[in-house]
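All remarks here apply to the structure that follows.
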Amino acid sequence: MSANARRGGRVPGPDQLARRLVARAGDGLLDRTAGTRPGMRLLFAGMRRMYRPDRTGGFRGEIEFAFETRRGVERWTLDCGDREAVFRAGAATAPTLKVRVTLVDFLRVGTGGLDAGAAMARGRLGFQGDFRVATMLGAMFGGKPFL
């Protein structure tokens with residue numbers, strides 16, 4: 001049992017732990033860890049569990065993410081279905097939306113440490129395609145609307 005639990009405190013859940021970790025880590029550390037293939041798979045496994053098909057506004061289709069890392073651009077595809085979201089490495093075949101973002105900013109926006117509008121204003125987050133889908137991204141994964 002943790003010291004926090006013995007004192008009667010609550011044990012933080014995975015979302016709280018992720019927020020704390022991302023908030024405390026520097027950009028370089030986040031890029032070196034989350035930007036690896038295992039790190040990306042872990043990130044998307046968590047997002048897959050958080051997917052809320054009831055908050056997609058009826059959207060079904062592919063979203064392509066182009067994550068800018070220190071090693072170059074990593075492309076991943078999110079295929080939104082009726083019941084689940086499936087992620088895979090590589091470019092989408094017919095994306096409804098393309099998202100270009102630094103990996104670090106994606107993590108910070110996703111954990112509430114950075115406003116999506118601020119990232120857009122700094123040129124570190126961009127969208128191409130159906131902007132309506134872009135506005136729903138946060139809600140699709142249990143958070144507040146992205147924009």
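The figures follow:
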item: Residue that is surrounded by the fewest Cβ atoms within 10 Å (Cβ to Cβ), among those in the range 91-103 that are outside any helix (DSSP H, G or I) and of a type outside the set (Val, Ile, Thr); result: Ala94
item: Every pair of residues 6+ apart whose Cβ atoms lie under 6 Å, when the first sits in the range 87-111 and is among the polar types (S, T, N, Q) while the second is at pLDDT below 95 and in a loop (DSSP other than H, G, I, E, B); result: Thr102/Arg124
item: Meets criteria (surrounded by fewer than 14 Cβ atoms within 10 Å (Cβ to Cβ), part of a helix (DSSP H, G or I) and at pLDDT 85 or above) for Ala23; result: no
item: Checklist (1) part of a loop (DSSP other than H, G, I, E, B); (2) surrounded by 18 or more Cβ atoms within 10 Å (Cβ to Cβ) applied to Phe59, failing item; result: (2)
item: All positions within the range 104-138 that are within 15 Å of Leu21 (Cα to Cα) and assigned to a helix (DSSP H, G or I); result: Val104, Asp105, Phe106, Leu107, Arg108, Val109, Gly110
item: For Arg88: the one exception among (1) part of a strand (DSSP E or B); (2) within 20 Å of Met136 (Cα to Cα); (3) not small (Gly, Ala, Ser); result: (2)
item: Filter pass, Phe67 being of a type in the set (Phe, Trp, Tyr), part of a strand (DSSP E or B), crowded, with 17+ Cβ neighbours inside 10 Å and over 11 Å from the mean Cα position of the chain (by Cα); result: no
item: Yes/no for Arg83 being more than 15 Å from Asp27 (Cβ to Cβ) and either at pLDDT 95 or above or surrounded by fewer than 18 Cβ atoms within 10 Å (Cβ to Cβ) (or both); result: yes
item: Evaluation of Glu64 against (1) acidic (Asp, Glu); (2) modelled with pLDDT under 90; (3) within 23 Å of Phe127 (Cα to Cα) (one fails), failing number; result: (2)
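The values are calculated or read from the model by the stated rules, or taken from the named source; none is laboratory data. Keep in mind that what you see is a predicted model, and the values were worked out from it rather than measured. Quick reminder, even Gly has a Cβ in these numbers, built from the backbone with ideal geometry, and neighbours come from all protein chains shown.
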